[in-house]
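Here, each number is a calculation from the coordinates, and none is a lab measurement. Since this is a predicted model, take the numbers as computed values, not measurements. A quick note on method: Cβ atoms are made from the backbone with ideal geometry, for glycine too, and the neighbour counts reach across all protein chains shown.
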Amino acid sequence: MMPELGKYEIEVLSSYAVSIGLLVALVVISVLRSRKARAALDAVEERSKRNG
Amino acid sequence: MGSIWEYANPKKFISTTDKLLPWVSVLAVAALVTGLIWGFFFTPEDYKQGSTVKIIYLHVPAALMAINAWMMMLVASLIWIVRRHHVSALAARAAAPIGAMMTVIALVTGAIWGQPMWGTWWEWDPRLTSFLILFLFYLGYMALWSAIENDDTAADLTAILCLVGSVFALLSRYAVNFWNQGLHQGASLSMDKAEHVDDVFYYPLLVSIAGFVLLFVALVFLRTQTEIRARRTRALLARERLGQ
């Protein structure tokens, strides 16, 4: 049930699309970077332990 | 209850935020979805702005967070300058991309709204201009962190840049109050009922703002953890190289 947006339909929909897209991109990039940093630290710590 | 400075310990910060992060994330998504669905589907058109009034549920919270993210960075930078806690410097670094993204959302949605309402995508209005400068400060701040290899030097210089940029963050917030020649209208969010937008728009706006604030907090937690781990990795790699 899409609300009636009248003559400003493009403006309203594009605002929502751009904003939600940017927010989702920010979250995805943050999560991926977090996983990468965690994996990199685990690998280096593991190596340090092995090498004493 | 322990001192707040306990959380300046990286391990303590990570263990505490690990527990909080799922809760804050769930609350952020719940508030964002509720606020945006309420605002988009269940609010009427404005008699002047028509359906473009629905853009405020994105524009106002994003603009608010663009300014407040810089203020949070300012506080964290001051803590770094005064007390030399690495976590605070890394939290400021972690917040910058989030603030920059909020600034982009505020600028883009403002332009999209401005075209039909003011007849122009852009105007060199005091608030718009100070927001654009704030965005450039965000870019400069992130570039400075990336350009300097030594973490402590980078933290020192970016903290100074943050202090300077705070002038524009404050200007973005108060420009409409002391410059009358601008196009941008007054605050949508005044505590005074007579000044703020009508209640039918006001309540979903508050929920949407709560969602943006919680999303910011969740992302700062996550990204600060990432910065702490990246810093620790760099330190260990440097130690390895010295040992070789």
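Measure off 7 Å from each Cα along the Cα-to-Cβ vector at B:LEU170 and B:TRP38, then give the distance between these two points in nanometres to one decimal.
Placing both labels 7 Å along Cα→Cβ, they lie 3.3 nm apart.
Taking the dipole about the Cα centre of region B:48-131, with the C-beta of Lys and Arg at +1 and of Asp and Glu at -1, give me whichever of B:ILE67, B:SER130, B:VAL53 is farthest to the positive side.
Of the options given, the answer is B:ILE67.
Using only atoms on other chains, find how many Cβ atoms lie within 10 Å of each Cβ of peptide B:109-118 and report the average.
Mean partner shielding for this stretch: 3.
Could you state the angle between the C-alpha long axis of helix A:9-50 and the longest principal axis of the C-alpha atoms of chain A, as a value from 0 to 90 degrees rounded to the nearest 10?
Rounded to the nearest ten degrees, it is 0.
Under a point-charge model restricted to the Cβ atoms of Lys and Arg (+1) and Asp and Glu (-1), what is the dipole moment magnitude of the protein assembly as shown relative to its Cα centre, in debye to the nearest 20?
1560 debye
Tell me the net charge near B:ILE98. Cut-off is 13 Å between Cβ atoms, B:ILE98 excluded, with +1 for each Lys or Arg and -1 for each Asp or Glu.
My count for the surroundings of B:ILE98 gives +2.
Where the only charges are on Cβ atoms (+1 Lys, Arg; -1 Asp, Glu), what is the dipole of chain B about its Cα centre, to the nearest 20 debye?
Roughly 960 debye for chain B.
Compute the distance in nm between two label points, each set 7 Å from the Cα along the Cα-to-Cβ direction, one at B:SER3 and one at B:LEU139.
Inter-label distance under the simple model: 4.2 nm.
Tell me which lysines have Cα within less than 17 Å of A:LYS7's Cα, excluding those fewer than 8 residues away on the same chain?
Within the straight-line cut-off, A:LYS7 pairs with B:LYS48, B:LYS54.
Using alpha carbons only, how many angstrom separate the centre of region B:200-244 from the centre of region B:58-114?
Rounded to whole Å, the Cα centres lie 12 Å apart.
Provide the FRET efficiency to the nearest 0.05 for the B:ALA235-A:ARG35 pair, computing r from the beta carbons and using R0 = 30 Å.
0.90
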